[in-house]
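To start, the structure itself, in structure tokens.
What follows draws every value from the coordinates through simple rules; no lab data is involved. Because the structure is predicted, anything quoted here is derived from the model rather than measured.
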Amino acid sequence: MNNENELTEKFEKISGKHIERLLIAYTEFKKEQTNINDFTIQIQDNGEEIKITFNPNLAKGERILGGKTSLGRSVTYTISKDKNKIIKSNYHR
């Protein structure tokens, strides 16, 4: 590859400090959702807590109605940095 941008476009980065908390959220996510491949994940660091949101993708020709698609339901887990535990779960509407 000749261009550094070409290389970075093929990789997604996540900091090591978020991996453990992402795994905590993912473990909870798997209890109710079926296929992680049908979701995108957003991580928001708010200082004392981290919010990890799983957003379902849209099936072909589908529009989003609230926080749910035919592929799943959008959910945000708030994780305490001190305790490394989920302190709140929000399903989106």
Notebook entry, point to check: 222 nm [θ] for the chain, helices only, -39500 (n - 2.57) per DSSP H run of 4+, per residue, to 500?
Noted result: -6500 deg cm²/dmol
Checklist line | Value in Å of the Kirkwood radius, where the stretch 13-91 supplies the Cα pairs that are averaged | finding: 13.0
Next item on the list: Sequence neighbours fewer than 8 away in the same chain don't count; with that in mind, list the lysines whose C-alpha is under 27 Å from residue 81.
Entry: 13, 17, 30, 31, 51
